[in-house]
Structure formats: C-alpha cells, structure tokens
Amino acid sequence: MFGPAAKIEDGDSIGGSRDSSRDAWPTVDHSRGARLRFQPIVAMKFALLGVDQDALDLTRQLCRSREHELCVAYDVGPSREAICELAPRVETGDAPEALLARPEIDAVVVATSEERQAREQQLRTLIQGGLRLVVMLPICDALTAYELEMIRADHGAVMVPYNAGRGHPAIDALAAVVRDGGHSPIGKVEQIVVERHLARRQRSTVIPLLCADGHAIGRLIGDIEGVSASGDRDDPYRNLSVVLNGANSLTARWNVVPSDREGRARMTLHGTAGTLQLEMSADRPWVIGGTHGDQFAPAAADWSAWTPATAVVAELDGQRAGLGTWFEACRDLEIADHVAASLRRRRTIEIRRDANPEENAFKGIMSAGGCLILLLCLLVTLAFAVVEGFRMPMMTDAAEVLEMRDQEKPRTHILLRLWPVYPLLAFLALQALLVVAKAGRKERSQASEQD
C-alpha cells in the first residue's frame, strides 16, 4: 500500500554522545538509541472523516507533501471550502460507510465530533472493515475506547492515536534526563510541573489538553497510578490543578493558567542541581531552556526533521514513532474520568493497571453470579422458615387443612421456630452503627473547631 516514511537506525542519537563528565549531555534517543532519518515515502492516498483543528492541521501537513493525496472527505460540513483548497480534486460526501468500498484508500483520518455516538458507531464499522485509522483524541470516553480496542484486537486493525504534539522528540529528551537520575546536568529530577496557558478555560477545552499532556507526562513518570484534582468550587475547570502520581515514584503537577491566547504550554523539570523548561507552542518550534538548556541546541536541530505527518505515516507502516498504541490512548483517556471523580469525591483516585483485564472481568462476573445464587438460596430458606414458623398452610384443600389441624401435636414456641430470620435481623441492626459513627465524627469536628 505504502512504504516506510522514515528509517530508524540504531546507534544514532539525537543529542550527541555522552562523555565521562557530569555536565556532558547524555545520549538522547527517540526509540531506545535511535533517531528518525526521513527517506522518500511511497505515495499514500487517504480519506478524511469529519473536521476538527488537529485533523485539519494534520491534513494540511500531509497535503503539502507531494507523496500524499487526499482522495475523499466526508462529513466536513462548513470546512468543505478549506478542504477543497488543500486538495482541489478531493471528493466530498456524507456517507462515510462508502469507505469500505474504496480499496485504494490507505488510511482514514477520523476527527472528533459533537455527535459522539454517531462517530463511535462509524469507528466500529471502519475498524471491522480493516481500514487503517488515524484517530484524533479525545474522540470518545475511556469505556468506549476500551471497547474499540477489543474490536481492533479481534479484527487486527491499525489505529494510530493522534493529538497536537503527541510523540514529539523533545519529550524523549526530557525522559532521558529523568532516567539518568543524579548523573544528569540538573541532578535527580524530583518535581515536574506543566502549565497550560488557556484563554477559554472550560471543560471542553481543558480536558482534551489534559489528556494530551497526560501522555507526555506518563512517558516521564511511568504509568500513572493516582490522580488528585482540585479547582474552584463554582467552576473547577477554570483553574484546574491536577497531581499525577507515577510508577517511577515521581509526581507531576498540571495547572491551568489564564492567558490571552491559546496553544502554549510549559513543562518544567526541577532537579537537585537546576531546572529545565520545555516551551511547547502550537505555531513555533519547541525549545528547551533553563539551567543547562543550551546543551539541547544540537538536539533541537534534529527535531526540525520531525513532523506529525511523518510520524503518523511511520506508525501506519508499523514503525514506532512515539505516538503510542491505541491501548495507551485508552489509558490517557482514563485521566479525564478520574479527574471528574476526584473533583466530585475530593480525594485521590487510585488507578488500577490490571495485566489481564478480560480475565479479571470474567472472574468478577462469575463471583457476582455466585453471590446472586447464594442470596437467592438465603431468601428461599428465609421464606420457608417464615412459613414454617407461623405454621402457614401450603395447601389449598380446606378439608385437608382442618384434618391436619385436628391431628396436630404441640410444637415448640414460634420464636424458636423463626431462628433463621435472626441473623438477618442482627445484620440489619448493625447498620444503625453508621449513625453513631457519623455523630461521633461530627462531635470531633466541632471540638476541633472550638480548639
């Protein structure tokens, strides 16, 4: 369909080689000791489904390359003229299912949509059709993303997650600093702070950027294991602050900062011997400054060869270009759900990383089914105990009932016959202790306020 967009050669580094001195810059790699060397790309034909800012920017970069061609665009709405300016020969329409009958299409760029359920159903159809997809984030919630991951795994489809800045080599450079520990020029990194400058500070703009930055933060601190969020009482997303706990025993803080323009962020690494600051801009090259920022000048020159378009094509061709897998994107989308839960509960939300989620889900379902069966057995036993305790007749023949009553012998007291009911009553009575616990907690809080 199409050839490799870039060749990854081992032994090549982005930041130069490292010598024995402490201030010398360590080897920084893009993928475990390698860097991307871009080579001619075989012509690639792609389609566009929907339009958002990230999808439009990516499409613009792909159209600038002579190797690629935008053949079809569906559901572009008011952006039809802008798409036709990028690709004058593009076909437009409103039936994305027709992509399944277009074998010449190498990949489909799928944008986010306000009609989320319809877009999710289109994704399911395209995945089952075996098409290569470049999916803009966040296109759905975490639960739906995991569902799409299972469908993708069953059909062997290729899904490349994408958002602006995802997979940038500068993040690998900072990750090398973190991995180098006390031997890096700034010493051991102990704190990571990300400041996202926004003019429109609302949930619809904050959450997508948090998911995007969460992917970069995860590459520095490891798998995110805990999320703690705080904000204003009236509108928590206006001045949102999120603390992310990583598996590498590092903590990162993500903050929303008021600004007069969008598309700017700053990531700061605080080490024991200095700081590094990465300026992330949507319309300018990324720059690293700080105590030893000048040592990134050689690496920054190599970053100019990296573009989102070449990284996307490399991922579609099966190479690792830093964009990650769709399963990793599912974990990025989880951050948004956990932030909302943390704001609602006002506490840290622990994130479980199960190695076998499907097996654990099966065990959970079987455990719940077993508990349901035991509960039904208990209810049946209680029902028979009540019937037997009150000596309620189980037969409808009145003559037979009267005959048995005349022949009946003295039996034990009714309170003894109802003994199976007593454990349940005791359990229900213990629930009243919750009121006592709340009263004691209220008294302690009042005493602390008086002190």
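FYI, it's all coordinate maths here, none of it is from the lab. The structure presented is a predicted model; accordingly, all values stated were derived computationally and were not measured. Neighbour counts are summed over all protein chains in view; Cβ atoms, including those assigned to glycine, are modelled from backbone coordinates with ideal geometry.
Data overview
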item: Theoretical FRET efficiency, 1/(1+(r/R0)^6), r = Cβ-Cβ of ASP154 and SER230, R0 35 Å, to 0.05; result: 0.30
item: Cα convex hull of segment 229-298 - mean projected area over all directions, nm²; result: 6.7
item: Order of SER113, SER65, SER230 under a 10 Å beta carbon neighbour criterion, fewest first; result: SER230, SER65, SER113
item: Residues whose placed amide H lies under 5 Å from that of GLU91, excluding near-sequence neighbours; result: VAL72, ALA73
item: Rounded FRET efficiency, nearest 0.05, which uses the C-beta distance separating THR268 from CYS84 and R0 of 56 Å; result: 0.85
item: Relative packing of peptides 369-376, 76-83 - highest average C-beta neighbours within 10 Å first; result: 76-83, 369-376
item: Ellipsoid equivalent to segment 45-174 - semi-axes via the Cα gyration tensor, in Å; result: 21, 19, 14
item: Rg ratio (alpha-carbon, reference 2.2 N^0.38 Å) - segment 69-118; result: 1.15
item: Derived scalar couplings ³J(HN,Hα) [segment 422-428; Karplus, 6.51 cos²θ - 1.76 cosθ + 1.60; whole Hz; x for Gly, Pro]; result: 5, x, 5, 5, 5, 5, 5
item: Length added when fully stretched, LEU425-HIS183, from 0.36 nm per residue minus Cα-Cα; result: 80.6 nm
